[in-house]
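Here is the structure we will look at, set down as structure tokens.
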Amino acid sequence: MGRCDPEEGQLPAPVKPPDGGWGWIVLFGCFVITGFSYAFPKAVSVYFKELMKDFHVGYSDTAWISSIMLAMLYGTGPVCSIMVNQFGCRPVMLIGGLLASAGMILASFTTNIIELYLTAGVLTGLGMALNFQPSLIMLGTYFDKRRPLANGLAAAGSPVFLSSLSPLGQVLLEKFGWRGGFLIMGGLLLNCCTCGAVMRPLDMGMKRKMDKTQDKYEAKEMLPIGGKSEEGISTTDGTKKAKKAKKKPKKGKKLLDFSIFSNRGFIIYTIAKFILVLGLFVPPILLVNYAKDTGVPDTEAAFLLSIIGFIDIFARPACGMVAGLKWVRPHVAYLFSFAMLFNGLTDICSARASNYTGLVIFCVFFGISYGMVGALQFEVLMAIVGSQKFSSAIGLVLLIEAFAVLIGPPSAGRLVDALKNYEVIFYLAGSEVALSALFLAMATYCCLNRGKKEPPPDKNPTTGGGSDTEEAESDVQEPEEHSSDNHQPAHSTDNTMVAASEEANHVAEEQSGEGGGCPERDGEVLVRDGCNADQMVERDRF
């Protein structure tokens with residue numbers, strides 16, 4: 001139950017994404033999951049000052065909590081891919097919601113920073129990972145033509161939850177302390193189980209229709225007839241071969257597809273994302289404490305994250321709509337590069353912001369650029385590898401990004417403790433993001449587009465721009481037409497086979513009347529010595 005494909009662990013190609021219907025419910029579930037997965041590690045930073053006082057640790061030590069959450073979100077990608085391919089999206093998400101909630105509840109009873117790493121970091125991070133990746137896979141199976149817009153709307157969950165969880169965390173911290181805040185946050189994470197419950201696998205209607213057509217054809221072939229012509233036999237053999245060909249892929253079941261590493265576009269994307277993640281999450285994690293150190297009150301400092309989230313809410317769907325335009329979608333990688341460059345330059349230009357007004361301006365531009373990056377990152381990956389290999393591709397990409405997450409924010413926190421200067425951190429983070437943008441744009445142009453040859457014109461051109469599902473539809477129609485074509489000749493030869501059977505019986509009676517001594521066995525007429533071999537006929541039983 002909840003499995004994407006009961007036979008192979010993945011959605012079969014013939015199933016057409018509905019681009020709507022129940023897909024909107026799946027989109028809402030993905031919206032909530034994305035919000036918790038990306039906003040929660042940043043919102044937890046509100047509690048860092050109190051944790052530093054209670055446990056007598058530095059900022060770099062508390063920053064490891066967010067880093068471990070993100071590392072688990074990314075690093076467990078291959079494990080999550082294997083579990084999804086084996087058990088399906090829905091069961092994995094239900095288990096993930098329980099783990100995420102249990103981690104925060106247990107974190108409220110911890111007595112040292114190491115226990116926080118294991119509960120809030122490892123356990124909650126693992127639970128969110130088991131929710132985040134399956135939700136993206138289900139979103140890709142329900143949407144094709146509207147996929148850029150769907151990705152943008154789902155990605156908007158991150159800023160919506162960031163703008164609400166950060167002030168909520170500040171209120172909980174003031175009224176209940178960090179322990180009570182963690183306990184309530186753990187209860188909120190149980191909503192991930194509800195989102196996992198709505199991840200219904202796509203209907204297998206097309207496959208059932210094909211099986212029904214073949215069963216009807218086989219039933220009519222089993223009806224009693226006088227004999228079988230060569231045409232009927234060849235048709236039956238062709239049907240059996242088609243069945244064997246269909247069963248062959250089941251033997252090569254892959255829990256994790258490593259063949260995507262032969263795709264140059266995937267390699268370029270992975271390297272660019274690794275460099276990007278080194279600096280992308282550093283500014284929002286350090287922003288609250290940076291504002292507090294400059295004299296901004298705690299409530300107003302927490303409100304800065306809400307500004308980023310509010311701008312991000314509109315930036316992501318808008319960018320998804322732009323990416324879905326016909327003249328933009330083929331060049332979505334360059335749009336992604338522009339978004340990363342915009343984000344990096346924002347960090348660099350705002351490094352010297354020393355008052356609340358300057359920080360607000362930084363949050364506005366950072367929210368726009370950060371929303372563009374969030375809306376496009378998985379759309380670019382889906383465009384590179386396709387929906388069928390996306391479950392394996394995202395797991396491997398997230399694993400590689402995990403190393404960058406473990407390097408970036410902790411290193412930035414250690415530099416803050418050593419230098420007591422946030423300006424250098426913003427310069428470094430912005431430079432890393434800008435470098436990833438330049439690498440992706442140049443590598444895409446030089447290694448992919450420059451050497452691309454013009455494909456020969458198709459003899460049978462199709463309309464619609466060649467989406468993933470159009471190939472699937474043609475694969476479905478072909479076996480249906482083949483089965484109907486084979487079914488028609490079988491009916492047209494019924495009279496011929498019956499006539500051949502009657503003639504064979506008449507020849508056999510004449511031979512036995514002449515005393516030829518051709519003995520009969522059950523169901524066949526044998527030829528004696530000297531009889532012509534062409535006169536041997538096999539009769540069907542009734």
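The values are calculated or read from the model by the stated rules, or taken from the named source; none is laboratory data. Source: prediction; values computed, not measured. Note that we place each Cβ from the backbone using ideal geometry, even for glycine, and neighbour counts take in every protein chain shown. Side chains are part of the model used for accessible areas, which takes the heavy atoms of the whole protein and leaves out ligands, DNA and RNA. Shrake-Rupley method; radii C 1.70, N 1.55, O 1.52, S 1.80 Å.
A few remarks follow.
- Lone unmet requirement of (1) in contact with a Ser or Thr (Cβ under 9 Å, 6 or more places away or on another chain); (2) surrounded by fewer than 22 Cβ atoms within 10 Å (Cβ to Cβ); (3) aliphatic (A, V, I, L, M) for Val424: (1)
- Within segment 68-107, the set of residues being in contact with a Gly (Cβ under 8 Å, 6 or more places away or on another chain) and of a type in the set (Gly, Ala, Ser) comprises Ala71, Gly77, Ser81, Gly88, Gly96, Gly97, Ala100, Ser101, Ala102, Gly103, Ala107.
- Here Phe281 fulfils each of the conditions (1) more than 23 Å from the chain's Cα centre (by Cα); (2) at pLDDT below 85 apart from (1).
- Among the candidates Ala63, Ala100, Ala71, Ala120, residue that is closer than 24 Å to Met199 by Cα, hydrophobic (A, V, I, L, M, F, W, C) and either part of a helix (DSSP H, G or I) or free of Cβ contacts under 8 Å to residues at least 24 places away in the same chain (or both): Ala100
- Candidates Phe362, Phe342 - the one that is part of a helix (DSSP H, G or I) and open to solvent by less than 10 Å² (accessible area, probe 1.4 Å): Phe362
- Pairs with Cβ under 9 Å, 6+ apart, first in segment 380-400 and on the phi > 0 side of the Ramachandran plot and among the small types (Gly, Ala, Ser), second in a helix (DSSP H, G or I) and at pLDDT 85 or above: Gly386/Ala393
- Single match in Ala353, Ala402, Ala429 (criterion: open to solvent by less than 50 Å² (accessible area, probe 1.4 Å), assigned to a loop (DSSP other than H, G, I, E, B) and more than 29 Å from Gly324 (Cβ to Cβ)): Ala353
- Scanning segment 109-123 for residues that are within 33 Å of the chain's Cα centre (by Cα) and of a type outside the set (Val, Ile, Thr) yields Glu115, Leu116, Tyr117, Leu118, Ala120, Gly121, Leu123.
- Residues of segment 359-386 that turn out to be out of contact with any Pro (no Cβ under 8 Å at 6 or more places or on another chain) and either charged (D, E, K, R) or farther than 21 Å from Phe310 by Cα (or both), as a count: 8
- Test: residue in segment 373-382 that is at pLDDT 90 or above, under 30 Å from Ser81 (Cα atoms) and over 16 Å from the mean Cα position of the chain (by Cα): yes
- Residue match in segment 79-99 (condition: hydroxyl-bearing (Ser, Thr, Tyr) and surrounded by fewer than 22 Cβ atoms within 10 Å (Cβ to Cβ)): no
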